[in-house]
Amino acid sequence: KNSLSPLSRKFKIKIDRVRNICELVENEDDVKEEKKLEHFIDIENIRQEKFNTTLNLVSAMHEMPASVLNGLYQYKIEDLKQQEDFAREIRDEYRSSIADPSRPAAQHEKQISFYKSGGM
């Protein structure tokens, strides 16, 4: 037999709802903190990659004779610039959903972009 009065039951139900809402808010805060941490880790990984790239460039230049250093440097800088441009292009396509294969016009847009960029 339930000894709670109808008013007490309603009050208990409301307390349970408030408790559930509080738990949801706590979980949302945890998710936000987790996303902030993941973002921080991603930024640190990018910094580490750039440091490693610079270190590799310096190491490669250290082993070369002085007569080819300028050409090697220009080649490496141009290669890095192309890689960054390509990464930006992919990022922009991802953000604008151009690369989404489920879009009906995606293949057509990619072909037009390919031909405009001097492709076959």
query: So how much slack lies between residue 60 and residue 48, counting 0.36 nm per residue of separation and subtracting their Cα-Cα distance, in nm?
result: 2.5 nm
- request: Pop out the ³J(HN,Hα) list for the range 12-28 in order, Karplus 6.51 cos²θ - 1.76 cosθ + 1.60 with θ = phi - 60°, rounded to Hz; leave Gly and Pro as x.
  value: 5, 4, 5, 4, 4, 5, 4, 4, 5, 5, 4, 5, 4, 5, 4, 5, 4
field: Those residues of the range 13-47 whose amide nitrogen sits under 14 Å from the label point placed on residue 89, 7 Å along Cα→Cβ
entry: none
query: Using the Karplus equation 6.51 cos²θ - 1.76 cosθ + 1.60 (θ = phi - 60°), what ³J(HN,Hα) coupling, rounded to whole Hz, does each residue of the range 32-47 give in order, writing x for Gly and Pro?
result: 4, 5, 5, 5, 4, 5, 4, 4, 4, 5, 4, 5, 5, 5, 5, 4
statement: For the range 69-86, Karplus-derived ³J(HN,Hα) couplings (6.51, -1.76, 1.60; θ = phi - 60°; whole Hz; x for glycine and proline) come out as 4, 5, x, 5, 4, 4, 4, 5, 4, 5, 4, 5, 4, 5, 4, 5, 4, 5
task: Give me the net charge of residue 8's neighbourhood, meaning all other residues with Cβ under 13 Å from the Cβ of residue 8; Lys, Arg count +1, Asp, Glu -1.
output: +3
query: So what is log10(I(q)/I(0)) for the range 38-88 at q = 0.17, 0.22 1/Å, when the Debye sum runs over its Cα atoms only?
result: -0.62, -0.86
query: What translational diffusion coefficient, in µm²/s and rounded to a whole number, does the Stokes-Einstein relation yield for the range 1-63 at 4 °C and a viscosity of 1.567 mPa s, taking the hydrodynamic radius as the Kirkwood radius over Cα pairs?
result: 79 µm²/s
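None of the figures in this text is laboratory data; all of them are computed from the coordinates on show. Quantities reported herein were computed from a predicted structural model and do not represent experimental measurements. Positions of Cβ are generated from backbone atoms using ideal geometry, with glycine treated the same way; all protein chains shown enter the neighbour counts.
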